[in-house]
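Report on one structure; see the data block that follows.
The values are calculated or read from the model by the stated rules, or taken from the named source; none is laboratory data. Remember, predicted model here, so these are calculated numbers, not experimental data. Methodologically, a virtual Cβ is constructed for each residue, glycine included, from the backbone with ideal geometry; neighbour enumeration extends over all protein chains shown.
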Amino acid sequence: MSTRGRLKVFLSYAAGAGKTYRMLEEAQELKAKGVDVVVGYFEPHARKETIAKTEGLEFVSRKQMEYRGTTFEEMDTDAILKRAPAVCLVDEFAHTNVPGSERGKRWEDVMVLLDAGIDVPTTMNLQHLESLNDQILQITGIRVRETVPDWVIKQADEVVMVDVTPEALINRLKRGVVYAPEKAAQALENFFREQSLAGLRELALRQAAHEVEIRHEPPRSTDRLLIHITDVPTTAMLIRRGRRVADYLRAECFALYVSETGDLSSMPAAEREAIEQHLNFARHLHIETRILQGHDVASVLVDFARRERITQMFVMRPRKRHWSLLPGASLVSEILRIAQDMQITVVADRRAMAEGN
């Protein structure tokens, strides 16, 4: 049985920072040493300097996919497996494959290559990290739809931070190095505003420091976290927040929904669908999920927390104003009343607060 391949992620905070260029530089060095290297997927974006770095490298042909009358090109995972190189370069790790593909995400294709013993260097921007989705929205005003679960990045053998100052990146954009002029002008008005880039870079540097820490320091946490699941849309934000804190603390994490019947069968369809979606999202992030029976939600949550030695509970702040002045008027205030011996983190929807809700 072959040894699992090594995953190396070239990470930055924005397009044009030089991730793909660095990856190709390393590939050329490996090739010069006699290592069997191929390019499984490369996205040139018409960047001449980056394209020049592919000279002499072997490319595995892409797979043609038809979808709604249009032909798309995707990475041909089966062809790469058949070719069986030592190293396969894969650009744009977070990419969503065309409907009808064997796997939904390119990172899932990469997992197949790794299982076959192939080393994979890949590229990814910070905004695609699932746990940061809400923070990216707050910084840029843009909701990123293509995401990679944090546990996937934690499996990487190495994460390389490719850094560049916001000023230098904006200069590259203006010179046409990153995008064509019309697309560059649009980017400067949206994602590539200097303030947004500065915030993204700060996040990226913190993430890089965290990646170094988890790979070089022994686990030190006895924390156990609990996330309360409801049917409201902001529960997804709560799950991301809890997962990220759990990762930093290296803590166990649970997601819990309380039902009067102990299951979801008797619930209205829309409510059931929302809860199932949130529970599945939590499982996708490798959070253990439970559905418990009970009429008094606060008591069930706190009893579970004490029984499972939970050290921190995450709950969503009610949207009603002045909730803290009304003891007993909300689930949160009831939890705070009966669980004074544990840490309760009440997470607010900042957008709702800004709107005055």
Name the residue that is farthest from residue 72 (Cα to Cα), counting only residues in the stretch 11-57 that are hydroxyl-bearing (Ser, Thr, Tyr) and either more than 28 Å from the chain's Cα centre (by Cα) or part of a loop (DSSP other than H, G, I, E, B) (or both). 13
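Of 247, 231, 263, which residue is acidic (Asp, Glu) and within 18 Å of the chain's Cα centre (by Cα)? Reasoning before the result, please.
Numbers: 231 fails: within 18 Å of the chain's Cα centre (by Cα); 263 fails: within 18 Å of the chain's Cα centre (by Cα).
On inspection, the qualifying residue turns out to be 247.
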Tally, over the stretch 338-357, of residues that are at pLDDT 90 or above and either assigned to a helix (DSSP H, G or I) or in contact with a Ser or Thr (Cβ under 8 Å, 6 or more places away or on another chain) (or both): 2
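With the requirement that a residue be in a helix (DSSP H, G or I) and either in contact with a helix residue (DSSP H, G or I) (Cβ under 8 Å, 6 or more places away or on another chain) or modelled with pLDDT under 95 (or both), what does the stretch 62-96 give you? Don't jump to the end; show me each part of the working.
Initially, the stretch 62-96 is screened for residues in a helix (DSSP H, G or I), giving 77-83.
77, 80, 81, listed by residue number.
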Inside the stretch 97-130, can you point out the residues that are assigned to a helix (DSSP H, G or I) and in contact with a Phe, Trp or Tyr (Cβ under 8 Å, 6 or more places away or on another chain)? 106, 107, 110, 126, 127, 128
Cβ-Cβ below 7 Å, separation at least six or inter-chain, first residue in the stretch 104-128 and free of Cβ contacts under 8 Å to residues at least 12 places away in the same chain, second surrounded by fewer than 19 Cβ atoms within 10 Å (Cβ to Cβ): which pairs? 104/96
Being more than 19 Å from residue 294 (Cα to Cα) and touching a strand residue (DSSP E or B) at 6+ places or on another chain (Cβ under 7 Å) is the filter here; which residues of the stretch 225-236 pass it? 225, 232, 234, 235
Sole miss for residue 185 among (1) more than 24 Å from residue 288 (Cα to Cα); (2) surrounded by 18 or more Cβ atoms within 10 Å (Cβ to Cβ) is condition (2)
The listed residue being surrounded by fewer than 19 Cβ atoms within 10 Å (Cβ to Cβ) and β-branched (Val, Ile, Thr), out of 144, 120, 90: 144
In the stretch 110-145, residues that are under 16 Å from the mean Cα position of the chain (by Cα) and farther than 20 Å from residue 186 by Cα total 14
